[in-house]
Structure formats: C-alpha cells, structure tokens
Amino acid sequence: MRTYLVTGGAGFIGSNYIHYMFRKYGEQIRIINVDALTYAGNLENLKAVEELPNYTFVKADICDKEAIAKIFAENDIDRVVHFAAESHVDRSIRNPEVFVQTNVLGTAVMLNCAKAAWELPDGTFKEGKKFLHVSTDEVYGSLEEDGTYFYETTPYDPHSPYSASKASSDMLVKAYMDTYKFPANITNCSNNYGPYQFPEKLIPLIINNALNGKKLPVYGDGKNVRDWLFVEDHAKAIDMVQEQGRLFETYNVGGHNEKQNIEIINIILETLQEMLPDSDPRKALVSKDLITYVADRKGHDRRYAIAPDKIKAEIGWYPETMFKDGIKKTIAWYFENEDWMKNVTSGDYQKYYNEMYK
Ligand code: NAD
Ligand code: DAU
C-alpha cells in the first residue's frame, strides 16, 4: 500500500485531489493530509472521506519542522504532494509576508524533511520515493493578447507577491533536484474552477453574489484573460505526472480554455438563468445589471495561457472537461451545497469582503 503525504488537503484543489485519489485507488493507497486550517482550509470539504481507515488528518503548519519531521518519522511516506500555500493574489498584495513564510519557508521545510527521511548514507534516495510540487502558471508573468503561450522553457517573470513567492518555492525545488538529485517534479497549472473553491476567487464569488443579488465586481476593463481548467482534470494530471512523468521535469497543465473575465461572468449569469427553475426566487435576482466595474488589481497580469503540449506528448494527459460542462457541474455543486457557502461566508469572510471591495 502506497502512502501519500498531502499538504493543504483541506483547501480547494487539495480536497478535490484527495477525493479523486480515493475514487481511483480506493484501499490501495493511504493518505495523510497535513493542513494548518487557515481561513482557506475546511474539513467540511473532506466529510465523505474522514471515516476511511486509510485516511488520516494532521493539523499542523508546514513551517513547523518538528511536526513535519514527526510525520515522516512515524510513517513510511512514498509520495509527497505539496499543495499547501497562501493562494490568493489580492491577499498577497495587501499582506505579502505570510506568502513568503508559508510558500517559501514552508516549502523549504517540506523539502528538507522529505530529504532527511528518504536519503541513504551514500547520498542517493530510497527507491520509488517522489515529491510533487504543485505550482502555478503565474510564475511566468503576463502575456500579450498575441496568441503566444507559456511553455516549460518560458523564463520566470513573476509580478505579484503571490507569484514571486511561488516562483521562489519552485526555485528551491529545482535547487534540491540539481544539488541532491532529489526525486521531484513540478507542475505549473492554470486557473482552476470547480467544487469547494473559496468565494474569494472569481468564479465562486460571482456565483454567490449573483444568487444573492449582490454587485459583481469586475477589475479594470474586464478583459484580462485566464485559462480555466476543471479541478478534477488538474487532480488527474498531478497523479499522471507523479506516476508516469520523468523525474526532475516540470510539466505545464492547462485548460486550452482562454476567456476574458467579463465572458466568464456572462457565462455564469446565463447558466444560472438556465439552471434555476422559474419557481426559485433567486432567479429574479440574477441579472447583468449587477455587473460593476471597479478599480483594477495593482499590477494585474493581462493574460495567462498554457501550452500543455509536453504533458500531452509524454504522458497522454489533456483537459477532458469542456468549460460549458464544467461550469454546469460547478454551479450544480454550489446549488446543492448552500450550507457550505453560508458557513464559509460568515464571520471573517464578511470582514475581508468589506475591506477588499469597499
Ligand atoms: P487554497 O487556498 O484553497 O488552499 C490552501 C490550503 O493550504 C488550505 O487548506 C490551507 O489551510 C492550507 N495552508 C495554508 N497555509 C498553510 C500552512 N502554513 N501549513 C499547512 N497548511 C496550510 O489553495 P488552492 O487554490 O487549493 O491551491 C492549492 C495549490 O495549488 C497552491 O500551492 C496554489 O499555488 C496552487 N495552484 C492553484 C491554482 C488555482 O487556480 N487555485 C492554480 C495553479 C496552482
Ligand atoms: O493562474 C493560476 C492562479 O489562478 C493560481 O495560482 C492562484 O492561486 C489562483 O487564485 C488564480 O489566480 P487569479 O488571480 O488569476 O484568480 P482570481 O480568481 O483571483 O481572479 C481571476 C481573474 O478575475 C483575475 O484577472 C482578477 C479578476 N477578478 C477577480 C476577483 C476576485 C475580478 O475581476 N473581480 C474579482 O472580484
């Protein structure tokens, strides 16, 4: 039985990955999920797996060397999948330090503890051990609207404190691979959407606001482009890279699905109108009149677009979910999980929202 140490598994992508892995491998794997449960971590995301005998949750900060070393000492970890991070660009602009702490120092602690647990006296590593660092396309900077793409060879050019901290963490992983031949891979993925995404991010924020008849804030001219990928496709890519990818390689993961923010908002509004029954009082609230142009994000990257050619050619992964289907699945999930949304938008979220959008 293979043992996974997943960091940040109570967040959006981490929890979707854990569900995906149990659906795929069932009792053949064991997952230990280590998460500090920041505002973005939510054990509700893992209700369906929490009783499984092959699932364990450990509440710990990845910057806490002793806590992480203890997990490695007490378990024979075969795979690390490292999601834990501060992930929201707007928060990084307001408060950069915690991004450096978690994303850079936390990654250093994870690398060091894995290295200490897996290294043999001759400096090689135990057979079959692998570390996957989950990163972002934002490390490559911003593209013009000229049809060019981010490739694995594109030079790093991060702009926000978030992307700078992720770029730094990628560099640390690269340094471990180059210096120690540490068995790792890096994936750089585009914007994810799907169930369990915290409503500070564009898609769940727009769904939630529209259903409540609240303004829909569009930064700048609304024409910034992101490349949207359904989160289950990302989970599948991570597993395929770890099992079939060449060690020490970076793989870009993307949706081949570029859309302007304003297009995304219009699609959400149209899909909500289509999916809500006439008897639902929220249907009357959902309206394009809610769209409100607000001040632009500082240093707002214009366009991201991944060319997932390498992962397709070497591993056979491609984005399977069409956006029109993925967005319906996502909206259906938010309809079915109204309590989840109520819980995460109470308390601190209101404070964040009022400060951010005042
Ligand atoms: P998220 O913010 O939803 O979840 C982050 C998780 O990490 C939370 O459960 C949080 O509690 C945990 N965490 C934060 N600080 C921690 C710490 N110090 N110790 C332990 N746990 C901590 O993020 P997400 O959107 O699921 O992103 C996961 C990873 O994927 C991140 O590394 C992010 O950079 C990367 N990524 C995200 C996207 C995207 O579109 N969301 C795209 C590409 C890459
Ligand atoms: O590209 C991958 C990255 O995608 C990940 O690394 C990040 O963790 C993830 O948060 C995401 O970053 P973005 O900044 O692209 O995502 P966000 O949902 O915050 O914003 C998407 C776009 O929508 C962006 O151009 C800003 C815009 N936006 C966002 C919000 C929250 C608005 O216009 N209004 C809003 O209220």
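The values are calculated or read from the model by the stated rules, or taken from the named source; none is laboratory data. Keep in mind that this is a model prediction, so the values were computed, not measured. Glycine gets a Cβ as well: all are built from the backbone with ideal geometry, and neighbour counts include every protein chain shown. Heads up: the accessible areas ignore ligands, DNA and RNA and are worked out on the full protein's heavy atoms, side chains in. Shrake-Rupley method; radii C 1.70, N 1.55, O 1.52, S 1.80 Å.
Numbers below:
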read-out: Residue within region 320-329 that is touching a helix residue (DSSP H, G or I) at 6+ places or on another chain (Cβ under 9 Å), over 16 Å from Asn257 (Cβ atoms) and touching a residue at least 40 places away in the same chain (Cβ under 8 Å) present; value: no
read-out: Unique residue being of a type in the set (Asp, Glu), in contact with a Ser or Thr (Cβ under 6 Å, 6 or more places away or on another chain) and within 15 Å of ligand 1 (Cβ to nearest atom) when the list is Asp233, Asp239; value: Asp233
read-out: Extreme residue, nearest to ligand 1 (Cβ to nearest atom), among residues of region 80-122 that are open to solvent by less than 30 Å² (accessible area, probe 1.4 Å) and among the hydroxyl-bearing types (Ser, Thr, Tyr); value: Thr102
read-out: Per-region count, region 192-205, residues in a loop (DSSP other than H, G, I, E, B) and either more than 7 Å from ligand 1 (Cβ to nearest atom) or crowded, with 22+ Cβ neighbours inside 10 Å (or both); value: 6
read-out: Region 20-57, subset open to solvent by 30 Å² or more (accessible area, probe 1.4 Å) and either on the phi > 0 side of the Ramachandran plot or in contact with a Leu (Cβ under 9 Å, 6 or more places away or on another chain) (or both), residue farthest from ligand 1 (Cβ to nearest atom); value: Glu27
read-out: Where Lys115 falls short, out of the listed (1) within 16 Å of ligand 2 (Cβ to nearest atom); (2) in contact with a Phe, Trp or Tyr (Cβ under 7 Å, 6 or more places away or on another chain); (3) in a helix (DSSP H, G or I); value: (1)
read-out: Qualifying residue in region 200-221 (condition: under 21 Å from the mean Cα position of the chain (by Cα), within 24 Å of Tyr334 (Cβ to Cβ) and more than 15 Å from ligand 2 (Cβ to nearest atom)); value: no
read-out: Entirely in region 3-91, the strands (runs of 3 or more DSSP E) that have 1 or more residues that are farther than 20 Å from Asn103 by Cβ and either without any contact (Cβ under 8 Å) to a residue 60 or more places away in the chain or out of contact with any Ser or Thr (no Cβ under 8 Å at 6 or more places or on another chain) (or both); value: 29-35, 55-59
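Each row is one residue, and each column tells you yes or no for (1) more than 16 Å from ligand 2 (Cβ to nearest atom); (2) not charged (D, E, K, R).
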{"site": "Asn261", "(1), (2)": "no, yes"}
{"site": "Met275", "(1), (2)": "yes, yes"}
{"site": "Arg302", "(1), (2)": "no, no"}
{"site": "Lys312", "(1), (2)": "yes, no"}
{"site": "Tyr318", "(1), (2)": "yes, yes"}
{"site": "Thr345", "(1), (2)": "no, yes"}
{"site": "Tyr353", "(1), (2)": "no, yes"}
